[in-house]
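Have a look at the structure below, then the notes.
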2 protein chains.
Amino acid sequence: MAKPRAAETRKRTRIQQEKEDRILEAALDVFSVHGFRGSTIDQIAKAADMSKPNLLYYFRTKEAIHRLLIGRLLDTWLDPLREMKADGDPLSEICSYIRRKLEMARDYPREGRLFTNEILRGAPHIQDELRDLKSLVDEKSKIMLGWMKDGRLARCDPHHLIFSIWATTQHYADFDVQVRAVLGPGKAGAGRFDDAARYLEKLFLEGLKP
Amino acid sequence: MAKPRAAETRKRTRIQQEKEDRILEAALDVFSVHGFRGSTIDQIAKAADMSKPNLLYYFRTKEAIHRLLIGRLLDTWLDPLREMKADGDPLSEICSYIRRKLEMARDYPREGRLFTNEILRGAPHIQDELRDLKSLVDEKSKIMLGWMKDGRLARCDPHHLIFSIWATTQHYADFDVQVRAVLGPGKAGAGRFDDAARYLEKLFLEGLKP
DNA sequence: TGTAATCTTTACCAATTGATCAAATTTTTC
DNA sequence: GAAAAATTTGATCAATTGGTAAAGATTACA
């Protein structure tokens, strides 16, 4: 008896494994540029080099692909923030956080844009996750307030401090086209991330030292 | 003889004026959330409270509306940067720039998101403008390098400095949903922009003073 | 007030879209 | 090597999409 869709099988076949990966890879390419509504199954199928019905054999709907991608993304996206520990040196902790976020922007720009697309749309599918995000940020904010009270970090609004780290690092994924256009052929090479890291480190280190 | 489309008439009628404004207003709402491909004429027409053919009487195509909106946006978007003058006090000039960009994020969030959508898509329609942008940024970078040489501004990469201002201010338009979710009902009111301004001013002032 | 120009509506069209189905093909398993 | 399971394909569908044609309604203006 042929299963109607591959997704339900207990054990993933070799083919299933490979095709699903190819689809997700292609979908990430397409979704991250055009957003959910702006992307078509045909487009994704073509990018994955297979027919549309074939693709739909592995994922029931367009939304199923998108949901899976978003889910995977959210799972790892906040890891760097989770790693910020109260018992570390405040400025080093913040610098590490910036560095890690910048590495993510460099190594996973499509994931970053997928997330930004979702937020731009009003985050319709990740309301729960936003709630989790709030509690994580609140928790880390408390740590920072402690550092400030101890005179180990400049007094400021920790929420907005976190926003500014998100913004400055994510910028290099979302606005990549603009960044490259502005830097010009000479400075838009791979080294731009090192330049960014150097600049951001200085800005935040000087800006936040007590 | 009835003109096929209203746009070509020399003088704009009262009705033309009003309807075109209503369409652009509605289109800005829709495009800024869903992007170009994710938005439909029906959607825009409904938001503008008119029938689709009626809307298409004023704008030939969906793209015509989008082009006009993008054009208008780019026209005013860079004004704050243009206003940065070499003969001002470096830190005050930068602070004013931040304040103005933040006001734009507060007062014109839809325009900001429209722009971000366009950039996320790879900026297909604004290649020329990106070239103009580069020369403007290069020009202002030279001014900043002068300030640094004179010891009136901390030494850093001026391009990345400008990026960080764009990123931190634009963040409050693009990631508004996330910002509000994280701040929570207590602090997500209109005052969040004042908090942001206070924080950013401190960060950049301390981070960039020589 | 009459008429020409402008505006609006109804009906429509061809292309694209997300998705289905049964038949044909390939792969795995015994 | 045959049966069973998994995979692929081509044909198809209903809904949506961007856009048009033409007739009817309204407005501006002499």
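The values are calculated or read from the model by the stated rules, or taken from the named source; none is laboratory data. Please read these numbers as outputs of a predicted model, since none were measured by experiment. Reconstructed Cβ throughout: ideal geometry from the backbone, glycine too, with neighbour counts over all protein chains shown. Each accessible area value is taken on the protein alone, full model and side chains, heavy atoms only, with ligands, DNA and RNA left out. Shrake-Rupley method; radii C 1.70, N 1.55, O 1.52, S 1.80 Å.
With a Förster radius of 22 Å applied to the C-beta separation of B:Asn54 and A:Thr40, the computed FRET efficiency comes to 0.20. List, shortest first and in nm to one decimal, how far the label point of B:Arg67 (7 Å from Cα along Cα→Cβ) is from its counterparts in the other copies. Between copies, matching label points for B:Arg67 lie 4.0 nm apart. Annotation for the B:A interface, with buried accessible surface near 4900 Å², both sides summed [1.4 Å probe; non-protein components not counted]. Within the shell of other residues whose beta carbon sits under 14 angstrom from the beta carbon of B:Trp147, the net charge comes to +1, with Lys and Arg scored +1 and Asp and Glu -1.
Under Stokes-Einstein, with the Kirkwood radius over Cα pairs as Rh, the value for the stretch A:71-140 at 4 °C and 1.567 mPa s is 98 µm²/s. Put a dot 7 Å past the Cα of A:Arg100, heading toward its Cβ, do the same for B:Arg72, and the two dots end up 4.4 nm apart. Here the simple spin-label model places points 7 Å from the Cα toward Cβ, and for B:Asp138 and A:Lys149 these points are separated by 5.3 nm.
For the protein assembly as shown, the calculated P(r) over all alpha carbon pairs, in 20 Å bins from 0 to the bin holding the longest distance, is 24, 53, 22, 2 percent. Within the stretch A:95-127, whose backbone N sits under 20 Å from a point 7 Å along Cα→Cβ of B:Lys187? Taking a point 7 Å out along Cα→Cβ of B:Lys187, the residues of the stretch A:95-127 whose backbone N falls under 20 Å are A:95, A:97-98.
Please give the FRET efficiency for A:Lys209 paired with B:Gln127, using the beta carbon to beta carbon distance and R0 = 35 Å, rounded to the nearest 0.05. Once rounded, the FRET efficiency stands at 0.25. Against the main long axis of the alpha-carbon atoms of chain B, helix B:14-38 sits at an angle near 60°. Could you tally the net charge around A:Phe204, taking each other residue with its Cβ under 13 Å from the Cβ of A:Phe204, Lys/Arg +1 and Asp/Glu -1? After counting each charged neighbour, the total is +2.
Taking 32 Å as the limit for the C-alpha separation, the pairs A:Lys19/A:Lys134; A:Lys101/B:Lys187; A:Lys140/B:Lys101; A:Lys140/B:Lys209; B:Lys101/B:Lys187; A:Lys142/A:Lys187 exceed it in the case of A:Lys19/A:Lys134; A:Lys142/A:Lys187.
Quick one: Debye curve from the C-alpha atoms of the stretch A:6-72, no solvent, what's log10 I(q)/I(0) at q = 0.17, 0.18, 0.19, 0.28 Å⁻¹? Per q value, in the given order, log10 I(q)/I(0) is -0.52, -0.59, -0.65, -1.39. The H on the amide N of A:Lys209, modeled in the peptide plane, is under 5 Å from the matching H of A:Ala154, each at least 5 residues off or on a different chain. Note that the stretch A:6-72 presents 55 Å² accessible area per residue, ligands and nucleic acids not counted, probe 1.4 Å. Mean partner shielding of peptide A:152-165, defined as the number of other chain Cβ atoms within 10 Å of each residue Cβ, is 5. Per residue, the convex hull around the alpha carbon atoms of chain B comes to 151 Å³. Shielding value for A:194-202 is 4, the average number of Cβ atoms from other chains within 10 Å of each residue's Cβ. Tally Lys and Arg at +1 and Asp and Glu at -1 over the other residues with C-beta under 13 Å from the C-beta of B:Ile41: what net charge comes out? Computed value for this residue: +3.
Remark: the stretch B:104-200 carries a charge dipole of roughly 320 debye about the Cα centre, counting +1 on each Lys and Arg Cβ and -1 on each Asp and Glu Cβ. Against the empirical curve 2.2 N^0.38 Å, the C-alpha radius of gyration of the stretch B:99-147 lands at a ratio of 1.40. With all projection directions averaged, the alpha carbon convex hull of the stretch A:131-210 covers 6.2 nm². Peptide A:116-124 shows a mean partner chain C-beta count of 6 within 10 Å per residue C-beta.
Between copies, B:Lys209 shows label-point distances of 1.3 nm, shortest first, with the point placed 7 angstrom from Cα along Cα to C-beta.
The apolar share of the surface of the stretch B:50-191, taken as the fraction of accessible area on carbon and sulfur atoms (1.4 Å probe, ligands and nucleic acids excluded), comes to 51 percent.
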